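Take a look at the structure below.
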Amino acid sequence: MAMLKGNLSPFLFAIPTKSRIPTASLTTSTALLHQPTVCENASMTTTVPPLPIPSPPTSVYVHLPFCRKRCHYCDFPIIALGSSHNQLPEHDNNDPRISNYIHVIRREIEATKPRSPTGPPLKTVFFGGGTPSLVPPPMVWSVLETLRSKFGLCPDAEISIEMDPGTFDERKLRELKELGVNRVSLGVQAFQEELLRACGRAHGVNEVLEAIDIVGRCEIGNWSMDLISSLPHQTPEMWEESLRLAVGAQPTHVSVYDLQVEQGTKFGQWYKPGEFPLPSETQSAKFYKMASEMLSKAGFNHYEISSYCKNGYECKHNLSYWLNKSFYGFGLGSASYMSGVRFSRPKKLKEYMGYVQSLEDGLADGQHHDKHVDAKDMAMDVVMLSLRMARGLDVKEFTRTFGKSLAFSLYGVFKPYVESGHVIALDEKGRLLTANEFNSLASNGCEVDDMVAFIRLSDPDGFLLSNELIATAFSVMSP
């Protein structure tokens, strides 16, 4: 089974070079490939409609790369400040590594040409890392003000910041709240001391509990908790305890990520996926099902492969990714998506600073207008991202945008998975189509796009098979 792998940070890197979405391993059997009908063969000769002009970005990701130390599973571009570096208010000492970086990222923002001079103001800003809570609030505010001046900022914009236990106190969080931050993403990861140590995390369980208490005292009404499953030596009892304590903390959002062992990390040196002390793939699937069951029973909506929320508390910023909307990225290693093109900044500080200088000198515009946008590449992005979400793929919109031939190529691919229950087809009224109904429609391609409104993966079994399903779709969309 092609087990899903969740993302541990919002789109730091450009697709596909360093995707944080399920990776597609193109090893699927050709027995599942679609054989087009007569009606479909006729439609295959039609050209793909002109791609619509993307709307200007209304979301920004800002990478603040500072950490106390590198966790054993992390391969993100970071700057390690040292384990003793807490950056609590009493220790705010204007570390030049932080202040100099903030100066550079503000220069990058200032030198970036808005995608549209009359575009709408920003609706979401996400400060990710790294550990952004190590950055003094006045510096966070200075970046926010630079964004506001350059692009505009909606009065009700969602402004999120990632925070790690042990890097903030009540005073610091209240200051961030006063400066405009209205959503916190708390990097708990586990509630067991031995697991936190095994991961190389800089915090312990006492700091986790203290951080949760601080978030409550500061009355942060919109906050998320991150947890990681499939850690070394993690047992079902440990995972159940982490989920239970997460529910008890009463966040409005929970992100559950399955550990991804990356090359170049300590975990990559020490462990092989599926081999002890890492859980087997079967055990990892059980962890995922356990999270889906426990969080759903606690009133969370499983709205995206790795994301759960209370009603109305979806992460608006991440939704811009899953809906394939344009967005700006600023900072070390961050990615932007504009005009159908994803591109990354350098991952090393010296090269990144050189990029910003080139931007200021007019030698780069940060827009990549010259890159050719292939319709099939965009279509594969849409399929891959849409199938992460509980709402699934909007079939009619996909057909309007990319034409019937690409849409037809998906129907036959998904037929066996509709029969197995891993894929669900819905009509415009939200009614579940039976496998027989879908097979009948898929055999007559002239009617299927009139009857099927959405195709989505089932929860949790379809989500668990997402890599294989996406890979199979890719193999027929771009053989």
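The values are calculated or read from the model by the stated rules, or taken from the named source; none is laboratory data. The model shown is predicted, which means the values in this text are computed figures rather than measured ones. With ideal geometry, Cβ positions are generated from the backbone for all residues, glycine too; neighbour counts draw on all protein chains shown.
Key figures for this structure:
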item: Lys429 surrounded by fewer than 19 Cβ atoms within 10 Å (Cβ to Cβ), in a loop (DSSP other than H, G, I, E, B) and without any contact (Cβ under 8 Å) to a residue 40 or more places away in the chain; result: yes
item: Residue among Val341, Val373, Val356 that is out of contact with any strand residue (DSSP E or B) (no Cβ under 8 Å at 6 or more places or on another chain) and within 17 Å of Arg115 (Cβ to Cβ); result: Val341
item: Residue in region 404-418 that is closer than 21 Å to Pro57 by Cβ and not charged (D, E, K, R) present; result: no
item: Flag if Ser292 is at pLDDT 95 or above, on the phi < 0 side of the Ramachandran plot and polar (S, T, N, Q); result: yes
item: Filter pass, Trp239 being closer than 29 Å to Ser466 by Cβ and part of a helix (DSSP H, G or I); result: yes
item: Qualifying positions in region 242-285 - under 30 Å from Asn182 (Cβ atoms) and part of a helix (DSSP H, G or I); result: Ser242, Leu243, Arg244, Leu245, Ala246, Val247, Gly248
item: Failed condition for Ile424, given (1) at pLDDT below 95; (2) farther than 30 Å from Glu108 by Cβ; result: (1)
